[in-house]
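Novice: The structure is given below, and queries will be raised subsequently.
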Amino acid sequence: MTPPPGEEPRARQRPRGWFSWVWVVPIVAAGLVLWLAGRALIERGPEITISFKVADGLQPGQTRIQHRNVELGTVDSLQLTPDMSRVIVHARMRREAKGYLTDHTRFAVIAPRVGFGGISGLSTLVSGSYIEMYPGQGGTPQRSFIGLDEPPALPPDTPGHFFVLEASDLGSLTRGSQLSYRGLNVGEVEDYALRPDSQGVTVTAFVRAPYDRLVHPETRFWNAGGVDLTIGTQGIRFRADSWQQLLAGGVAFDTPQEVLKNPPSTANAAFLLYDNRRAAVRAPLGDQLYYAAEFAGNQRGVGAGTAVKLEGNEVGEVEEARLRYDERHHTLVTRVIFSVDPKRVDVLDMPRPKGADQQEVVRRWLETLVGHGLQADVASVNFLTGLKILALEMGRSESKVALERVGDYVKIPAGPSGDFTEVLQDLHDVLRNIDRATAGPELGNALKSLDDTLARLDQVTKEAAPDIQALLKSLRDTADSAQSTLNTVQSLIGSTAPAGTDLPRLVRELTEAARAVRSLADYLDRHPEALLRGRRGDSP
């Protein structure tokens with residue numbers, strides 16, 4: 001409304017409300033901040049420290065701590081220890097992880113790793129390294145931890161059992177190497193360490209369920225990595241498992257079928273880790289019988305591990321072979337100590353004492369066999385490789401032989417060696433003696449003298465040849481004349497010869513004489529040299 005002319009305009013005041021829409025946005029923002037702060041305080045868990053050797057790819061404020069890809073905390077800061085040998089990681093955990101932070105909990109940095117066993121941690125190429133938490137079950141609450149140098153091959157909560165393998169050396173094994181049963185992957189090598197006495201290594205192997213029920217006290221473990229090269233009676237044989245075990249090493253095991261029905265081994269049971277499958281199969285199954293045998297001469301190729309065979313059946317192996325001085329004969333002999341596994345000896349139709357165990361039975365068997373000629377020999381089974389065995393074979397014994405003791409061992413008599421190697425050595429000695437004999441001037445002089453003698457004999461034969469021909473002709477003529485005369489006389493006498501006279505007998509003798517002269521003439525015609533050397537038994 002326009003005021004009248006000459007009147008000044010006046011402003012009218014309206015009453016102001018107590019609320020302004022301008023404050024809506026700040027109030028909402030403040031509420032959101034308070035809500036986030038409250039939620040953070042509610043979810044805020046304890047602060048922990050983790051000590052690592054190195055902090056590969058860890059970033060404060062960015063690196064996560066997680067379990068099964070679920071975030072459980074964040075790295076706040078990194079610092080070095082006073083001696084600068086390790087890295088201390090300060091991390092803030094979420095409230096839901098509080099109950100699992102015990103002395104059984106483990107932490108490991110997950111980063112890309114490339115090895116013979118494969119490639120791990122590829123996901124961190126995009127997301128970056130992170131810390132994996134392996135929660136522990138039970139235990140005492142803890143806030144300071146020592147991180148693992150390497151991630152475990154298997155999550156700690158994987159069902160199965162750990163077993164301890166004792167070996168002389170680690171070979172090609174490493175963390176994560178496969179554990180196989182008849183070619184099937186059933187576990188992994190978890191860890192290894194040097195034994196306290198520094199005389200071998202201890203390997204911790206994990207067998208996943210349900211395959212852990214296949215492990216029994218009779219189970220044999222062996223190193224299946226690389227190529228198993230065997231030299232035996234059939235030549236050279238190669239055996240290799242999967243290509244993973246060929247590159248990264250591996251362990252294989254087997255259990256006799258008859259013991260699978262028995263209760264399996266408990267967790268952390270200890271086993272021997274053999275070098276290869278053959279060594280595991282040849283390992284004794286119980287208490288052994290030990291014997292000794294002594295051999296003269298060079299026994300190169302006989303040593304610890306040499307097979308012992310009873311008439312071709314492997315029953316044990318050589319434990320040691322050492323030289324011993326024989327003061328009586330002033331010579332060196334090789335004393336071989338070998339073992340016999342009673343469970344591998346099975347002889348049909350031999351008496352078995354009642355109530356005796358297998359070890360006692362085999363001991364009596366061998367004692368009986370020695371009394372009937374059982375002897376120990378060293379034999380070559382492969383001439384190309386020089387492989388030898390200790391053979392227990394029946395020989396010829398005219399009198400009963402009793403077992404005798406040599407120190408702590410029972411001595412089995414050693415038979416005469418018929419080894420082909422020794423035959424070759426004897427032949428070599430003979431050839432060397434022949435070479436030595438022919439190297440001197442005596443042989444040349446003898447050959448020259450023989451050549452002169454033959455030359456003179458040839459000259460005499462040539463000079464006597466005309467006379468010999470005349471002699472032969474004369475002998476033939478004489479034989480023909482005698483034969484003709486005899487025929488005439490016989491025709492004149494006929495059947496009128498008086499009985500009891502010697503004339504027919506005389507005629508027969510003259511006939512045989514003529515035949516002999518003719519034979520002599522024929523022989524001299526074929527062998528004129530017989531006039532000088534005499535007859536040598538040739539057929540006429």
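Matching residues to (1) surrounded by fewer than 17 Cβ atoms within 10 Å (Cβ to Cβ); (2) under 30 Å from ASP197 (Cβ atoms); (3) within 36 Å of the chain's Cα centre (by Cα):
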| position | (1), (2), (3) |
| --- | --- |
| GLY138 | yes, no, no |
| ILE146 | yes, yes, no |
| ASP149 | yes, yes, yes |
| PRO155 | yes, no, yes |
| THR158 | yes, no, yes |
| VAL164 | yes, yes, yes |
| GLY171 | no, yes, yes |
| GLY176 | no, yes, yes |
| TYR181 | no, no, yes |
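Novice: Here is a further query. Do we have LYS354 as surrounded by fewer than 17 Cβ atoms within 10 Å (Cβ to Cβ) and farther than 30 Å from ARG213 by Cα here?
Specialist: Values: surrounded by fewer than 17 Cβ atoms within 10 Å (Cβ to Cβ): yes; farther than 30 Å from ARG213 by Cα: yes.
When the stated conditions are applied, LYS354 passes them.
Novice: Which of (1) outside any helix (DSSP H, G or I); (2) surrounded by 10 or more Cβ atoms within 10 Å (Cβ to Cβ); (3) at pLDDT 70 or above does ARG405 not meet, given it meets every other one?
Specialist: So the condition that ARG405 fails would be (2).
Novice: Name the strands (runs of 3 or more DSSP E) wholly inside the range 113-182 in which the number of residues that are closer than 29 Å to ASP103 by Cβ and modelled with pLDDT of 90 or more is 3 or more. Show your work before the answer.
Specialist: Details: elements: 113-115, 118-120, 130-134, 144-146, 160-167, 178-181.
Here the list reads 130-134, 144-146, 160-167.
Novice: Can you say whether GLU314 is under 30 Å from LEU170 (Cβ atoms), part of a strand (DSSP E or B), touching a Ser or Thr at 6+ places or on another chain (Cβ under 6 Å) and modelled with pLDDT of 85 or more, as far as the supplied structure shows?
Specialist: Values: under 30 Å from LEU170 (Cβ atoms): yes; part of a strand (DSSP E or B): yes; touching a Ser or Thr at 6+ places or on another chain (Cβ under 6 Å): no; modelled with pLDDT of 85 or more: yes.
The answer is no for GLU314.
Novice: Can I ask one more? Between residues in the range 249-261 that are closer than 18 Å to PHE163 by Cα and residues that are surrounded by 13 or more Cβ atoms within 10 Å (Cβ to Cβ) and among the basic types (Lys, Arg), which pairs lie under 8 Å by C-beta distance while being six or more apart or on different chains?
Specialist: Every condition considered, the pairs that remain are ALA252/ARG277; PHE253/ARG220; ASP254/ARG220; THR255/ARG220.
Novice: Can you name the number of the only condition in (1) in a loop (DSSP other than H, G, I, E, B); (2) touching a residue at least 12 places away in the same chain (Cβ under 8 Å) that PRO353 fails?
Specialist: (2)
Novice: Kindly list the number of the only condition in (1) surrounded by 15 or more Cβ atoms within 10 Å (Cβ to Cβ); (2) outside any loop (DSSP other than H, G, I, E, B); (3) not hydrophobic (A, V, I, L, M, F, W, C) that fails for ARG324.
Specialist: With respect to (1) surrounded by 15 or more Cβ atoms within 10 Å (Cβ to Cβ); (2) outside any loop (DSSP other than H, G, I, E, B); (3) not hydrophobic (A, V, I, L, M, F, W, C), ARG324 is out only on (1).
Novice: Which residues, counting only those in the range 297-309, are in contact (Cβ under 8 Å) with a residue 40 or more places away in the chain and more than 21 Å from the chain's Cα centre (by Cα)?
Specialist: Of everything in the range 297-309, those that are in contact (Cβ under 8 Å) with a residue 40 or more places away in the chain and more than 21 Å from the chain's Cα centre (by Cα) turn out to be GLY297, GLN299.
Novice: Follow-up. I'd like to check something: does the range 333-341 contain any residue that is assigned by TED's automatic domain parsing to the domain that holds LEU390, surrounded by 14 or more Cβ atoms within 10 Å (Cβ to Cβ) and in a loop (DSSP other than H, G, I, E, B)? Give the derivation first.
Specialist: Narrowing the range 333-341 to residues assigned by TED's automatic domain parsing to the domain that holds LEU390: 333-341.
Of the ones still in play, those that are also surrounded by 14 or more Cβ atoms within 10 Å (Cβ to Cβ) are 333-341.
If we keep only those that are in a loop (DSSP other than H, G, I, E, B) too, we end up with 341.
Yes, the range 333-341 has at least one match.
The values are calculated or read from the model by the stated rules, or taken from the named source; none is laboratory data. The structure presented is a predicted model; accordingly, all values stated were derived computationally and were not measured. No Cβ is skipped: glycine too gets one built from the backbone with ideal geometry, and neighbour counts run over all protein chains shown.
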